[in-house]
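Notes follow once the structure below has been shown.
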Amino acid sequence: MTSFLFSICVFSTPLILLLMGGLFYKFPPKTINHYYGYRTTRSMKTPETWAFAQWHNARLIIRYSLTCLALTCLCTGFLLTRPISLTERQMTLALVVIINLQVVFMLVYLLRTEKALKKYFDGDGNPL
């Protein structure tokens, strides 16, 4: 695996998430739908929960994708500037580890959005 291909693989996830977060922050879905936006049972209860979930999740996506991008830069810089070149197997293992960490970041912002919905809204979607 070349350094260029490795870089494309590890940087695509945080960059796409950053773009999506920016788009959802700037142009959130206005009405509850089943096609796009932050769609969970809790977020789709009322228009208020929907609007809050879109706003909160977009902010977290931006924050976590920037953090993820910075960590990916550090890891990639460390791996690709080592005096001893990495073998194909080591590059693949590093790729798998970095992508798994990126998935963990995605799960964290999803869980935090659900936690915020529970904190600010009751089970029926009414503000607390």
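Details
- Springs join every pair of Cα atoms under 10 Å in this Gaussian network model of the chain, and among GLY77, GLY21, GLY37 the largest mean-square fluctuation is at GLY77.
- In a reduced charge model with +1 at each Lys and Arg Cβ and -1 at each Asp and Glu Cβ, the chain shows a dipole moment near 180 debye about its Cα centre.
- If you run the Gaussian network model on the chain, springs between alpha carbon atoms under 10 Å, then out of SER85, SER12, SER65 the most flexible one is SER85.
- Sequence-ordered 3J(HN,Hα) estimates for the range 106-122 from the Karplus curve with 6.51, -1.76 and 1.60 and θ = phi - 60° stand at 5, 5, 5, 6, 5, 5, 5, 5, 5, 5, 5, 4, 5, 6, 9, 9, 7 Hz, glycine and proline given as x.
- Of interest is the spacing of the C-alpha centroids, which for the range 20-49 and the range 67-126 amounts to 23 Å.
- Longest exposed-site-free window of the chain, the sites being chymotrypsin sites (Phe, Trp or Tyr not before Pro) in a DSSP loop that have at most 14 other C-beta atoms within 10 Å: 37-128
- Cα pair count fraction exceeding 15 Å, expressed as % - the range 1-50: 59
- Highest-fluctuation residue, GLN102, GLN90, GLN54 considered, GNM on the chain with Cα pairs under 10 Å: GLN90
- Estimated [θ] at 222 nm from DSSP helical runs (n ≥ 4, -39500 (n - 2.57)) normalised by residues in the chain, nearest 500: -25500 deg cm²/dmol
- Ellipsoid fit via the Cα gyration tensor, the chain: semi-axes of 36, 13, 11 Å, each the root of five times an eigenvalue, largest first.
- With Cα atoms, 0 to 90° folded angle of helix 47-80 axis to the chain main axis: 10
- For the range 75-128, fraction of C-alpha pairs farther apart than 17 Å, in %: 57
- Least to most buried among LEU17, LEU95, LEU5 (fewest other Cβ within 10 Å first): LEU5, LEU95, LEU17
- Residues with amide H under 5 Å from that of PHE121, placed H, sequence gap 5 or more: LEU128
Just so you know, all these numbers are worked out from the coordinates, no wet-lab data involved. This one's a predicted model, so the numbers in the text were calculated from it and none came from an experiment. Positions of Cβ are backbone-derived with ideal geometry, glycine not excepted, and every protein chain shown enters the neighbour counts.
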